[in-house]
Amino acid sequence: MNTRIKAIITGVTGMVGEAVLHECLLHPAVESILVINRKPCGVAHPKLKEIIHADFNDLSSIESQLSGYNACFFCAGVSSVGKNEEEYTKVTYDLTMSFAQTLCRLNPDMTFCYVSGAGTDSTEKGKMMWARVKGKTENDLMKLPFKAVYNYRPPFMLPTKGLKNTLPYYKYVTWLYPICRPLFPNFFITVKELGLAMINCVLFGYAKNVLEAKDIVALAKKT
């Protein structure tokens, strides 16, 4: 394992991004991390640099700081609740593609890892609006000339203990995890496994570009 990861991470003020950052800070193969946020993440570490930037659709003012990275863990995302398709497309597809296109131009040897979601619709023609938009985002990311693009479709995720951005309702449902995971392994993973799977995609690659629960779990174990 000779690859040294220099990663850009988004969404670290959310539960998933914070947990992915946590795994990157712990992992010996991750050399440096740049997080790009709209507000401070409140984490300090020798590996970590942070840029506060409001508009993810326009990175021109910070482009000079975005070169020299070989991985992006794109964990930013919002719920579709209360949004119509046009609104959700702007904050999901448009924002992600704009961000990715800039990074691809600056870092063509980058591995881009996108957190999508279980149930995403690759056909872009299903009845669920959010699934169509996520499907289009996945499909068009894979058309960009990165070294590699991996789309992750996590189901229910057990949060990492001790992190501050766990969604409040999780405290009412985490008791289900040890019961349900053995019974329904395709519907339950840990957010730690997601973070490790993203790191390992950069280190080792993977045969699939779209990773479901079983792929995430398997890849997280790779050493």
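The values are calculated or read from the model by the stated rules, or taken from the named source; none is laboratory data. Since this is a predicted model, take the numbers as computed values, not measurements. So basically every Cβ, Gly included, is an ideal-geometry build from the backbone, and we count neighbours across all protein chains shown. Each accessible area value is taken on the protein alone, full model and side chains, heavy atoms only, with ligands, DNA and RNA left out. Shrake-Rupley method; radii C 1.70, N 1.55, O 1.52, S 1.80 Å.
The modelled label-to-label distance for the pair Val173/Gln101, using points 7 Å beyond Cα in the direction of Cβ, is 3.5 nm.
Placing pseudo-labels 7 Å out from each Cα toward the beta carbon at Lys164 and Lys208 gives an inter-label distance of 3.6 nm. Scanning residues 5 or more positions from Glu50 or on other chains, those with amide H under 5 Å from its amide H are Val35, with H placed 1.01 Å from N in the peptide plane.
In whole percent, and with a 1.4 Å probe on the protein chains, what portion of the accessible area of the chain is carbon and sulfur?
Values: 6110 of 10770 Å².
Roughly 57 percent of what the probe reaches on the chain is carbon or sulfur.
Which order do the peptides 166-172, 208-214 come out in when sorted by mean C-beta neighbours inside 10 angstrom, highest first?
Working: 166-172: 10.9, 208-214: 17.0.
Final packing ranking: 208-214, 166-172.
If I stretch the segment between Ser64 and Ala29 completely, what's the gain in nm (0.36 nm per residue apart, minus their alpha carbon distance), one decimal? Intermediate values should be presented prior to the final figure.
Details: separation 35, 0.36 × 35 = 12.60 nm, distance 2.45 nm.
Additional length available on full extension: 10.1 nm.
Amide H contacts under 5 Å for Val210: Asn151, restricted to partners 5 or more places along the chain or on a different chain, H placed in the peptide plane at 1.01 Å from N. On a per residue basis, the convex hull of the C-alpha atoms belonging to the chain measures out at 129 Å³.
Residue-wise HN-Hα couplings along region 112-123, as the Karplus relation 6.51 cos²θ - 1.76 cosθ + 1.60 with θ = phi - 60° gives them from phi, are 9, 10, 10, 8, 9, x, 4, x, 4, 9, 5, 6 Hz; Gly and Pro carry x.
Of the peptides 39-49, 104-114, the ranking by mean beta-carbon count within 10 Å, highest at the top, reads 104-114, 39-49.
State in Å² the accessible area per residue of region 146-223; use a 1.4 Å probe, count heavy atoms of protein chains only, and round to the nearest integer. Intermediate results must be reported in sequence, preceding the final value.
On the way: 4200 Å² over 78 residues.
Result: 54 Å² of accessible area for each residue.
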